[in-house]
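Beneath this line is the structure, given in structure tokens, with notes to follow.
Bear in mind these aren't lab numbers, they're just calculated from the coordinates by the rules spelled out. Everything numeric in this text was worked out from a predicted model, so none of it was measured. Counting neighbours? That spans all protein chains shown, and the Cβs are built from the backbone with ideal geometry, glycine included.
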Amino acid sequence: MTQQQLRRQLLDARASVSNAARDYAALQVGEHLLQLPELQQPCQIGSYFSVKAELPTHAINQRLMAQAHQLSLPILHPFRAGHLLFMQLNQTTQWTHNRFGIPEPELDVRHVTPLNQLNVLLVPLVGFDALGNRMGMGGGFYDRTLSAWRQGKINVLPIGLAMDCQYVDTLPVQPWDVPLSMVITPSKVWDFRG
Ligand SMILES: Nc1ncnc2c1ncn2[C@@H]1O[C@H](COP(=O)(O)OP(=O)(O)OP(=O)(O)O)[C@@H](O)[C@H]1O
Ligand SMILES: [Mg+2]
């Protein structure tokens, strides 16, 4: 199977989950997440605005903010193509849509959260494997975001959020692919750290 066929297959599996089951999965994932030792004090958390069949983050984001965590969401970088910028949410955050139709906070330099200030980064995914390898939508955005972390330049805890049907034993890995530290699904908290 080619990479593209595998992505299609995983996307189909993710899309075939009912909305009710997806929301319930998010509830369970949120429970696991909030219980992590790393989140027992207020953190700077990079999250995402879930679209389509991604593990829904709306309720999770609300709960994180209610627990006094600071939330930042990604926007497409205005001039570094293929890169993300994280914007800290506040009472006055204005929203827009990017060119993929994904809601994102408007760029406001006063509220940019540098990656090295994030303690935790919640990452959407299409599939993940037993070693924490991740398949995304194919844009390389999170691989670029996490390359500084892989090189040891910054310290952040990247956690994939997924449903159980997004697991495969082994994903094909390219040199630029950055494996995740953890993946949380309804049935399991996967910890890939040595
Ligand atoms: N650190 C990097 N520097 C330059 N190019 C990169 C980097 N990481 C990924 N890319 C490019 O991005 C493209 C897509 O990568 P890949 O197929 O791994 O996406 P993905 O991990 O599924 O997507 P995403 O992270 O956006 O969800 C590749 O062609 C690769 O060349
Ligand atoms: Mg990749």
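Residue count for segment 133-151 satisfying the condition of being more than 8 Å from ligand 1 (Cβ to nearest atom) and among the small types (Gly, Ala, Ser): 1. How many of the residues making up segment 10-22 are surrounded by 15 or more Cβ atoms within 10 Å (Cβ to Cβ) and either of a type outside the set (A, V, I, L, M) or not in a helix (DSSP H, G or I) (or both)? So the answer is 3. Contact annotation: residue pairs with Cβ atoms under 6 Å, 6 or more positions apart or on different chains, pairing a residue in segment 132-155 that is acidic (Asp, Glu) with a partner that is within 9 Å of ligand 2 (Cβ to nearest atom) and part of a loop (DSSP other than H, G, I, E, B), are ASP143/TRP176; ASP143/ASP177; ASP143/VAL178. Out of all the residues in segment 36-48, is one or more surrounded by fewer than 20 Cβ atoms within 10 Å (Cβ to Cβ), aliphatic (A, V, I, L, M) and either closer than 20 Å to GLY160 by Cβ or touching a helix residue (DSSP H, G or I) at 6+ places or on another chain (Cβ under 9 Å) (or both)? There is at least one residue in segment 36-48 that is surrounded by fewer than 20 Cβ atoms within 10 Å (Cβ to Cβ), aliphatic (A, V, I, L, M) and either closer than 20 Å to GLY160 by Cβ or touching a helix residue (DSSP H, G or I) at 6+ places or on another chain (Cβ under 9 Å) (or both).
Counting only strands (runs of 3 or more DSSP E) that fall entirely inside segment 63-166 and contain at least 2 residues that are closer than 21 Å to ARG22 by Cα and in contact with a strand residue (DSSP E or B) (Cβ under 8 Å, 6 or more places away or on another chain), the qualifying elements are 120-123, 157-161.
Within segment 163-177, one or more residues are of a type in the set (D, E, K, R) and within 11 Å of ligand 1 (Cβ to nearest atom). Scanning segment 2-59 for residues that are among the charged types (D, E, K, R), under 16 Å from the mean Cα position of the chain (by Cα) and within 24 Å of LEU115 (Cα to Cα) yields a single hit, GLU54.
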